[in-house]
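Structure first, commentary second.
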Amino acid sequence: MSDLYIQPAVDATIEPESIAELCTRLRAPDCPSQGIVQLGAWELEYRHARAFASTVELLFRDGIYDLDRLARPAVILDGGAWLGLSVLRFRSLFPDARIHAFEPDPALFEVLTRNLERNGIRNVEAHNVALADREGELEFLATGSDAGSLRVRAREGHLTRVPTRVLSEYVSSPVSLLKLNVEGSEWDVIDELGDRLALVDQVLIEYHGFNELPQTLHRILGRLDEYGFTYIISHFDERNPACVPPLRLTEDFRYFLLIYARKLDTAE
């Protein structure tokens, strides 16, 4: 592997039995909706126990954000960091990476920062803002779980106003990884980034295909192709039933896709 890339740490795995035991407890009918649990060496505060369990499984059991290398200078932008699980996964894989974590929900941002501080996670800059296509302030649906959104309104929660920032403000020099899980705003963020996408080496985007939102998957893939990325798309797992054959589309469709992209001509 080229010296331009850093390999992931070899000791980043948490025992599957430990993950299974934790997630079983989190899904138990009598599990509190919030609390503190142990995940590996970390003591973590959680909200919405079932959503927390699903995210633990996807990130630490299934490795949906795992990379086989990270380009120097090892800068990661984590859009939609929620309670910090993605930050912790990236930190365990690449201990020396510089991470910017963005979480717009004020209450969840406090949990995120407490989780980082409680576990001594350094070299992370947390931003209590929403990534959007304009700077200022926008209405945000706060759900208390991992589904808060600037764009979606057909869910339980309450509306609040949050500060917004544009991604291009944070991409003035090379970025090793851009990860976005921004609940329907993914095209707004990528489109605003413009030609600074050329400074990004790898991309992970959770695409939200919801009936109340415009279809933008083709725009995202077109933009990635325009800037020299090769991409692949995954439907996560069997819990994303709309993407598992036999395929069906109904008026109330809702599905999730994971886009992974990299520039292959710089990968070796």
*Return the total of residues in the stretch 3-12 being in contact (Cβ under 8 Å) with a residue 40 or more places away in the chain and within 24 Å of the chain's Cα centre (by Cα).*
6
*Is there a residue being of a type in the set (Gly, Ala, Ser), in contact (Cβ under 8 Å) with a residue 40 or more places away in the chain and surrounded by 13 or more Cβ atoms within 10 Å (Cβ to Cβ) anywhere in the stretch 23-38?*
no
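Output yes when any residue across the stretch 183-198 is closer than 24 Å to LEU59 by Cα, among the polar types (S, T, N, Q) and touching a helix residue (DSSP H, G or I) at 6+ places or on another chain (Cβ under 9 Å), and no when none is.
As a first pass, look at the stretch 183-198 and keep what is closer than 24 Å to LEU59 by Cα: 183-187, 189-190.
From the residues that got through so far, the ones that are among the polar types (S, T, N, Q) too are 185.
Retained after the next criterion (residues that are touching a helix residue (DSSP H, G or I) at 6+ places or on another chain (Cβ under 9 Å)): none.
Checked against the condition, which is being closer than 24 Å to LEU59 by Cα, among the polar types (S, T, N, Q) and touching a helix residue (DSSP H, G or I) at 6+ places or on another chain (Cβ under 9 Å), the stretch 183-198 yields no hits at all.
Here is a yes/no grid of residues against (1) more than 19 Å from the chain's Cα centre (by Cα); (2) in contact (Cβ under 8 Å) with a residue 40 or more places away in the chain; (3) surrounded by fewer than 15 Cβ atoms within 10 Å (Cβ to Cβ):
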| position | (1), (2), (3) |
| --- | --- |
| VAL189 | no, yes, no |
| ARG196 | yes, no, no |
| ASP201 | no, yes, no |
| PHE210 | no, yes, no |
| GLY222 | yes, no, yes |
| TYR231 | no, no, yes |
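Go through the stretch 140-159 and give me each residue that's part of a strand (DSSP E or B) and either open to solvent by less than 40 Å² (accessible area, probe 1.4 Å) or closer than 29 Å to VAL75 by Cβ (or both).
The answer is PHE140, LEU141, ALA142, SER149.
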*Please tell me if LEU178 is buried (at least 20 other Cβ atoms within 10 Å of the Cβ), in a strand (DSSP E or B), out of contact with any Phe, Trp or Tyr (no Cβ under 7 Å at 6 or more places or on another chain) and modelled with pLDDT under 95.*
no
_Where ILE205 falls short, out of the listed (1) surrounded by 18 or more Cβ atoms within 10 Å (Cβ to Cβ); (2) part of a helix (DSSP H, G or I)_ = (2)
*asked:* Can you tell me which residue is farthest from LEU258 (Cα to Cα) among those in the stretch 67-82 that are open to solvent by 10 Å² or more (accessible area, probe 1.4 Å) and under 14 Å from the mean Cα position of the chain (by Cα)?
replied: TRP82
*Among what's in the stretch 83-133 and is aromatic (Phe, Trp, Tyr) and assigned to a helix (DSSP H, G or I), pick the residue that is least open to solvent (accessible area, probe 1.4 Å).*
PHE90
*When the stretch 233-254 is examined, which residues are found to be over 21 Å from ARG151 (Cβ atoms), open to solvent by less than 40 Å² (accessible area, probe 1.4 Å) and in contact (Cβ under 8 Å) with a residue 12 or more places away in the chain?*
ASP237
_If a residue must be in a loop (DSSP other than H, G, I, E, B) and either farther than 24 Å from PRO73 by Cα or of a type in the set (Gly, Ala, Ser) (or both), how many such residues does the stretch 181-192 contain?_
4
*Residues of the stretch 160-175 that turn out to be closer than 20 Å to TYR231 by Cβ, outside any strand (DSSP E or B) and open to solvent by less than 50 Å² (accessible area, probe 1.4 Å), as a count*: 2
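The values are calculated or read from the model by the stated rules, or taken from the named source; none is laboratory data. Model, not experiment: these values are computed from the prediction. Using ideal geometry, Cβ is built from the backbone for each residue, glycine included, and neighbour counts are taken over all protein chains shown. Protein only, heavy atoms only, side chains kept; ligands, DNA and RNA dropped before computing areas. Shrake-Rupley method; radii C 1.70, N 1.55, O 1.52, S 1.80 Å.
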